[in-house]
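*Asks:* Structure in structure tokens, see below.
The values are calculated or read from the model by the stated rules, or taken from the named source; none is laboratory data. Since we're looking at a predicted model, the values are computed, not measured. Counting neighbours? That spans all protein chains shown, and the Cβs are built from the backbone with ideal geometry, glycine included. Ligands, DNA and RNA are excluded from the accessible area calculation, which covers all protein heavy atoms including side chains. Shrake-Rupley method; radii C 1.70, N 1.55, O 1.52, S 1.80 Å.
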Amino acid sequence: NIARVHLLKLDIQGAEKLALAGARPMLESADIDCIYLEVHFSQVYTEQTTFGEIETVLKNHGYHLYGFYELTREGNGCLDFCNALYLSSPRYRSTDQHYLF
């Protein structure tokens, strides 16, 4: 019975699509202001949610990718994983972009 979430933090070892599916009603109504989650760019977990899946789900619900943080690279220099911050459309429009982070 939570009406509003200001910050949803997800670090759930590749199960993000399950959590986002459970949060669908709140995503549709933009009742989650900010979503900060770990995203992987290489396969680490079985049936892991890909960055593309996360991007599609959140974009389809009106969320905007604000930035990537704490980037980790593989031995060859390729991006491995990081945290991503998404803002709901109302939060994105009302945020002074110079002062968020």
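*Asks:* Which length gain, in nm to one decimal place, applies between residue 56 and residue 71 when the Cα-Cα distance is subtracted from 0.36 nm times their residue separation?
*Replies:* Full-extension gain reported as 3.3 nm.
*Asks:* Under the rule of -39500 (n - 2.57) per DSSP H run of 4 or more residues, summed and divided by the residues of the chain, what mean residue ellipticity at 222 nm is obtained, to the nearest 500 deg cm²/dmol?
*Replies:* -7000 deg cm²/dmol
*Asks:* Find the accessible area per residue for the chain; the probe is 1.4 Å, ligands and nucleic acids are left out, and the unit is Å².
*Replies:* Result: 61 Å² per residue.
*Asks:* Can I ask one more? Which percent of the accessible heavy-atom area of segment 18-101 goes to carbon and sulfur, probe 1.4 angstrom?
*Replies:* Carbon and sulfur together cover 54 percent of it.
*Asks:* What nm value, rounded to one decimal, do you get for the distance between residue 15 and residue 1 when each label is placed 7 Å out toward the C-beta?
*Replies:* Roughly 2.6 nm, to one decimal.
*Asks:* Excluding residue 32 itself, calculate the net charge of residues whose Cβ lies under 12 Å from the Cβ of residue 32, where each Lys or Arg counts +1 and each Asp or Glu counts -1.
*Replies:* After counting each charged neighbour, the total is +1.
*Asks:* If you don't mind, there's one more thing I want to ask. Considering amide H positions built from the backbone, and no H for Pro or chain starts, which residues 5 or more places from residue 80, or on another chain, come under 5 Å of its amide H?
*Replies:* Placed amide hydrogens put 72, 73, 74 under 5 Å from residue 80.
*Asks:* A further question follows. Counting Lys and Arg as +1 and Asp and Glu as -1, what is the net charge of the other residues whose Cβ lies under 11 Å from the Cβ of residue 84?
*Replies:* With Lys, Arg at +1 and Asp, Glu at -1, the neighbours total -4.
*Asks:* Output the 0 to 90 degree angle, nearest 10, between the alpha-carbon long axis of helix 51-60 and the longest principal axis computed from the alpha carbons of the chain.
*Replies:* The answer is roughly 10 degrees.
*Asks:* Then there's this: Scan (i) 22, 14, 11; (ii) 34, 22, 7; (iii) 23, 17, 10 for the value of semi-axes √(5λ) of the Cα gyration tensor in Å calculated from this model and give just the label.
*Replies:* (iii)
*Asks:* How charged is the neighbourhood of residue 10? Take every other residue with its Cβ under 15 Å from the Cβ of residue 10, and add Lys/Arg as +1 and Asp/Glu as -1.
*Replies:* -4
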